[in-house]
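The values are calculated or read from the model by the stated rules, or taken from the named source; none is laboratory data. Given the structure is predicted, the values throughout are model-derived calculations rather than measurements. Positions of Cβ are backbone-derived with ideal geometry, glycine not excepted, and every protein chain shown enters the neighbour counts. Surface accessibility is based on the protein's heavy atoms, side chains included, excluding ligands, DNA and RNA. Shrake-Rupley method; radii C 1.70, N 1.55, O 1.52, S 1.80 Å.
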Amino acid sequence: MRDNLILAIGITLFLMLVTALTNLWQVFAYLMAINLSLWLVLGAMKGENEMGPAIWLGVIALVIWVCCLSAIFYYWGVFKGEFPSYTIGGMHPGFFVLFPVMWLLSFIPVTLSYALLFDKWILTEESWREYLKKVGKSPEVEHE
Amino acid sequence: MSSPVIVGVVIAYFVLTFGIGVYAVKRIKTAEHYFGAHKLFGVIVTSIAAFAAIMSGFGFVGGPGLVYKLGATSLWITFAQSVAFGFSWWIIGKRIRLIAETRPIATLPDIADARFKSNAVRGLLAISLVLGVIAYLGTQVMAGGYVVSGLLGVNLETAIIIVFGITMIYTAIAGMAASILTDFFQGLIMLIAAVGVLIIALVMTGGTEGLFTTIGQKDPILIDPLGKGTWMLALMWYFVFAIGNLGQPHLATKFYALKNYKDLKWGAVISGGSYMLSSLLWTFVGYAALWLVVSGKIPALAKPDQAAIAFLANIPVWMAAIVYAGLLAAIMSTSSGFIAIGTAAIVRDLPKAVGKEIEHIKQVWWGRIVTIILTIFALLFGYYGGYLVAILGALGWGYFASATLPLLAIGLNWKRATREAAVTSLSLALILNIIFLIYEKVLGMKLPYGIPSYGISLIIALLAMIVVSLFTKGAAEEELDADIRAAMEV
């Protein structure tokens, strides 16, 4: 699974390179969202195949990026070059999606999730002790 | 010279920073403490220091300047930071901290060598770091000098000596430990400045309604989500800055400074949250300066980089004093981290790369000597380098991202990543960055559609790491050391 993820990251990177150099910026944006989600899955999975919450995190992040980027592009196109017919707190609707909506929403699955999942998934007490055992270090030494 | 309040706050800042830096020497017991603050600090200190190291003077001056010039385009850089710290913790945080548990890791080349078992990788990475450090410090010399010269009313040379003399002394005395402890203090100042600026900017302009409506009615492009840049520029910036954090040496080094593995837990939230707060400074100082010009309160600025200064001239003097202290904190915190990283690369990594090693007990003293030499060299380069400084100054964020990120992100997460791939990726990153430097800065040409060249370098370096690993075998799979393998399996 890890090999496949790395390959998927490589393929999306290659396509991002091609779309960047041909100015297909909307396609680039969605490829970037996929690529970033894959990095999140890679960081969140364990061993070669243990996915745990990794897939969910990746999917949630991907949905947030795709929806927000689509909304940003839509509102940018609708009000291009003119003062928008309506604003949100004075902000251009597309700008409002960028800040604060995408800024705050993407923080949840990518950054806040790390603290929320740390004890249950990322590095449990048990996996820490197992790691120390594997490398021949006693937990007692750790607490000195 | 500025008002007595600003001068007083700036001098108090210098005294406190110097005191904290020197105090850090109490923590130094080994060479690993000196060069990497190996397992010395808890989560709060390390996480705030990580944010402070990443938030450079650019965020205080260059960022608002870009908002003044382009509108929202540059905000894709700073808004990417809400995920960038999370990515760093997810992708490399745990692995680096686990490796630090079993090995005396003090530098990034230490980690690269442990993973790829290669003097070539260690040497190439060390050379990349030293080059990048000198280039970065060179650009900060004049910036720091001009700021302090204006604030204290001293000449440029004296100002440079004050800022970098203080930074050099505490970094020489206590190395990375001083860098992290002062970064923590400097990060707190930046946070106070960011929150204060946000409140004052919103009160001054009548809230977001008054701010954006006034600017948007004059020029609607300045308030749309793209601004005056291109989509390829904004999107590539978001990508490079979201993922590129973990390739920044001054961030990655913080993971082996953590005292306990449990300190990883809240690190991403504290660092990322702190940076998000300081993003508000970047955003609202830039827009508030635009508002001041559009509403006719000040004349149009001659240069975009004057946006922050123009804004500070229109806020209460006590707040301006804190923001100036925050600006100096941003310059000094990033500089001290780079000085410590460059010193470690010279004293520890380059000798090891050629099969020699400075006696462990003498490494700290050599570190102090090299810190002084490196800082003086960077000062002379920054002061006399002229055009060359401007050219090499481009070797910043993207350069470090393309050189370091593939090694760490792919190397620590994929057992099939090979030594040959690491050497290829690192060499390509170096070569591409130099080629693009000549292409853009010497020949004056640009990539199409506003694409930042370091985005292309980063993608190619990552692709090289993956593709070459598929066809080579060195230091991969069965050849991995047991502790590295175990750290990659947790």
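List of remarks:
- Scanning the range B:237-284 for residues that are of a type in the set (A, V, I, L, M), within 11 Å of chain A (Cβ to nearest Cβ) and closer than 22 Å to A:Leu42 by Cα returns B:Val240, B:Ala242, B:Ile243, B:Leu246, B:Leu264, B:Ala268, B:Val269.
- Lone unmet requirement of (1) closer than 30 Å to B:Pro104 by Cα; (2) open to solvent by less than 30 Å² (accessible area, probe 1.4 Å) for B:Leu290: (1)
- Residue among B:Ser149, B:Ser128, B:Ser74, B:Ser82 that alone is within 14 Å of chain A (Cβ to nearest Cβ) and over 18 Å from B:Ser271 (Cβ atoms): B:Ser74
- B:Phe184 being open to solvent by 30 Å² or more (accessible area, probe 1.4 Å) and under 22 Å from B:Gly267 (Cβ atoms): yes
- Qualifying residue in the range B:221-236 (condition: closer than 22 Å to A:Ile88 by Cα, open to solvent by 10 Å² or more (accessible area, probe 1.4 Å), without any contact (Cβ under 8 Å) to a residue 40 or more places away in the chain and facing chain A (nearest Cβ under 8 Å)): no
- A:Ile55 vs. criteria touching a Pro at 6+ places or on another chain (Cβ under 9 Å), modelled with pLDDT of 95 or more and more than 9 Å from chain B (Cβ to nearest Cβ): no
- Being surrounded by fewer than 21 Cβ atoms within 10 Å (Cβ to Cβ) and hydroxyl-bearing (Ser, Thr, Tyr) is a property that does not hold for B:Ser336.
- Qualifying residues in the range A:66-83 (those that are facing chain B (nearest Cβ under 9 Å) and not charged (D, E, K, R)) - the one surrounded by the fewest Cβ atoms within 10 Å (Cβ to Cβ): A:Gly81
- Inter-residue pairs, beta-carbon under 9 Å, first more than 19 Å from A:Ala29 (Cα to Cα) and aromatic (Phe, Trp, Tyr) and in the range B:443-472, second open to solvent by less than 60 Å² (accessible area, probe 1.4 Å) and assigned to a helix (DSSP H, G or I), 6+ apart: B:Phe471/B:Ala421
- Every listed requirement among (1) more than 8 Å from chain B (Cβ to nearest Cβ); (2) buried (at least 19 other Cβ atoms within 10 Å of the Cβ) is met by A:Gly10 save one, (1).
- Condition check for A:Ile60: closer than 24 Å to B:Met276 by Cα, open to solvent by 30 Å² or more (accessible area, probe 1.4 Å) and either more than 7 Å from every other protein chain (Cβ to nearest Cβ) or touching a Lys or Arg at 6+ places or on another chain (Cβ under 9 Å) (or both): yes
- Any chance B:Thr214 is within 14 Å of another protein chain (Cβ to nearest Cβ), surrounded by fewer than 21 Cβ atoms within 10 Å (Cβ to Cβ) and not charged (D, E, K, R): yes
- Checking B:Ile438, B:Ile434, B:Ile466 one by one, the residue that is outside any loop (DSSP other than H, G, I, E, B) and within 19 Å of A:Leu5 (Cα to Cα) is B:Ile466 and no other.
- Filtering B:Ala378, B:Ala353, B:Ala344 for residues that are surrounded by fewer than 24 Cβ atoms within 10 Å (Cβ to Cβ), in contact with a helix residue (DSSP H, G or I) (Cβ under 6 Å, 6 or more places away or on another chain) and in contact (Cβ under 8 Å) with a residue 24 or more places away in the chain leaves a single hit, B:Ala353.
- When residues of the range A:109-124 are limited to those that are more than 9 Å from chain B (Cβ to nearest Cβ) and either touching a Lys or Arg at 6+ places or on another chain (Cβ under 6 Å) or open to solvent by less than 80 Å² (accessible area, probe 1.4 Å) (or both), the one nearest to B:Lys265 (Cα to Cα): A:Leu117
- Within the range B:1-23, residues that are under 11 Å from B:Gly153 (Cβ atoms) and part of a helix (DSSP H, G or I) have Cβ atoms under 8 Å from residues that are open to solvent by 40 Å² or more (accessible area, probe 1.4 Å) and among the aliphatic types (A, V, I, L, M) in these pairs: B:Ile6/B:Val317; B:Val7/B:Met1, counting only partners at least 6 apart in sequence or on another chain.
- Within the range B:149-173, being part of a helix (DSSP H, G or I) and of a type in the set (S, T, N, Q) holds for B:Ser149, B:Thr158, B:Thr167, B:Thr171.
- Under the condition of being more than 18 Å from B:Ile92 (Cα to Cα), open to solvent by less than 10 Å² (accessible area, probe 1.4 Å) and either more than 10 Å from every other protein chain (Cβ to nearest Cβ) or in contact with a Ser or Thr (Cβ under 9 Å, 6 or more places away or on another chain) (or both), the residues counted in the range A:30-47 number 1.
- Hey, B:Leu290 away from chain A (no Cβ under 11 Å), modelled with pLDDT of 95 or more, under 22 Å from B:Phe79 (Cα atoms) and part of a helix (DSSP H, G or I) or not: yes
- Some residue of the range A:84-100 being closer than 26 Å to B:Leu70 by Cβ, facing chain B (nearest Cβ under 8 Å), at pLDDT below 95 and surrounded by fewer than 13 Cβ atoms within 10 Å (Cβ to Cβ): yes
- Any pair with Cβ under 7 angstrom, 6 or more apart, that starts in the range B:35-49 at a residue that is touching a residue at least 60 places away in the same chain (Cβ under 8 Å) and ends at one that is among the acidic types (Asp, Glu): B:His38/B:Glu32; B:Gly42/B:Asp263; B:Val43/B:Asp263; B:Thr46/B:Asp263; B:Ala49/B:Asp183
- Set A:Glu130, A:Glu50: member being open to solvent by 10 Å² or more (accessible area, probe 1.4 Å) and closer than 28 Å to A:Thr12 by Cα: A:Glu50
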